[in-house]
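Colleague: This is the structure I want to talk about, given as structure tokens.
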There are 2 protein chains.
Amino acid sequence: MIATTPRPPYYAVIFTSVRTDGDHGYQEMSRRMVELASQQDGFLGMESARNEVGITVSYWRDLESVKKWKEHMEHKIAREMGRSVWYSKFRVRIAKVESEYGFDKNTM
Amino acid sequence: MIATTPRPPYYAVIFTSVRTDGDHGYQEMSRRMVELASQQDGFLGMESARNEVGITVSYWRDLESVKKWKEHMEHKIAREMGRSVWYSKFRVRIAKVESEYGFDKNTM
């Protein structure tokens with residue numbers, strides 16, 4: 001679903017990837033990483049979708065919390081598996097959200 | 001596919017949305033907006049995926065080109081249709097990409 005984030009500024013990590021064929025434990029690790037990320041200090045939310053390309057955007061309070069999550073041991077192991085098994089290609093972009101706006105039919 | 005973007009800094013517009021039921025001209029307009037965006041000055045690339053939630057990230061040279069695209073008349077009309085017909089909910093986040101890294105099995 002759409003993440004509910006605080007007033008900017010905060011950080012977005014845009015992870016775009018192309019998967020290799022087969023699961024090889026990917027779904028399970030993916031679920032675990034969402035669970036683990038959401039327990040980290042500074043985690044604000046996450047959005048995810050996949051067709052030919054997968055996009056996961058996670059939101060963080062500051063650059064410090066982004067860096068801490070990158071250094072998390074279990075996440076590091078998952079990223080190693082990502083390079084060796086699950087992804088044929090990926091790109092990570094770290095961006096500072098400067099402004100945001102939105103629309104919700106239910107609250108009109 | 002994964003966008004090929006220049007060395008940061010540049011801008012990302014993260015558009016997250018939930019669709020209403022039915023097409024109502026959405027696919028056609030969506031294709032047209034991708035075509036139109038890619039013709040704009042400052043456009044760097046676009047990535048898109050949709051499951052329950054849709055995520056489209058477009059990349060731009062600077063804030064100026066993001067603003068110009070927002071003011072484009074045909075895009076404005078499409079956004080009005082978005083609010084009235086196609087989306088039950090959306091969120092737009094404008095973010096400055098500060099760093100990026102990636103991986104490609106084919107270039108290892």
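Colleague: So what's the net charge close to B:R50: Lys and Arg +1, Asp and Glu -1, counting the other residues with Cβ under 12 Å from its Cβ?
Modeller: Numbers: positive: A:R50, B:R19; negative: A:E47, A:E52, B:E47, B:E52.
Net of charged neighbours comes to -2.
Colleague: Additional query: Only Lys, Arg, Asp and Glu count, each charged at its Cβ (+1, +1, -1, -1), so figure out the dipole size of chain A about its Cα centre, rounded to 20 debye. Could the numbers behind the result be given before it?
Modeller: Numbers: 17 positive and 15 negative charges, 54 e Å.
The calculated dipole for chain A is roughly 260 debye.
Colleague: Also, I was wondering about something else. Toward the positive end of the charge dipole of the protein assembly as shown, about the Cα centre and with charges on Cβ (Lys, Arg +1; Asp, Glu -1), which of B:A49, A:S48, A:S38 goes farthest?
Modeller: After comparing all options, I get A:S38.
Colleague: Ordered shortest first, which distances in nm separate the 7 Å Cα→C-beta label point of A:I77 from those of the other copies?
Modeller: So the label point of A:I77 gives 5.6 nm to the other copies.
Colleague: Contact order normalised by length for chain B, with contacts defined as Cα pairs under 8 Å and 6 or more residues apart; what percent is it?
Modeller: On the way: 154 pairs, mean separation 48.9, N = 108.
Across chain B, relative contact order equals 45 percent.
Colleague: If you don't mind, another one. Charges only on Cβ, +1 for Lys and Arg, -1 for Asp and Glu: so what's the dipole of the protein assembly as shown about the Cα centre, in debye to the nearest 20? Intermediate values should be presented prior to the final figure.
Modeller: On the way: 34 positive and 30 negative charges, 53 e Å.
For this selection, approximately 260 debye.
Colleague: Provide B:V34, A:V57, A:V66 in ascending order of the number of other Cβ atoms located within 10 Å of each residue's Cβ, fewest first. Walk me through the intermediate numbers first.
Modeller: On the way: B:V34 13, A:V57 25, A:V66 22.
Exposure proxy ranking, most exposed first: B:V34, A:V66, A:V57.
Colleague: Right, something else. Quick one: which of A:K96/B:K68; A:K70/B:K96; A:K68/B:K67 span more than 31 angstrom between C-alpha atoms?
Modeller: Details: A:K96/B:K68 20 Å; A:K70/B:K96 19 Å; A:K68/B:K67 33 Å.
In this structure, A:K68/B:K67 lie more than 31 Å apart at Cα.
Colleague: Residues of A:14-27, mean number of Cβ from any other protein chain within 10 Å of their own Cβ, rounded to a whole number? Please list the in-between numbers first.
Modeller: Numbers: counts 9, 1, 8, 3, 4, 0, 1, 0, 0, 0, 0, 0, 0, 0.
Per residue, the average neighbour count from other chains is 2.
Where a number appears in this text, it was derived from the coordinates with a stated rule and is not lab data. In this text the structure is predicted, and so the values were computed from the model without any measurement. Counting neighbours? That spans all protein chains shown, and the Cβs are built from the backbone with ideal geometry, glycine included.
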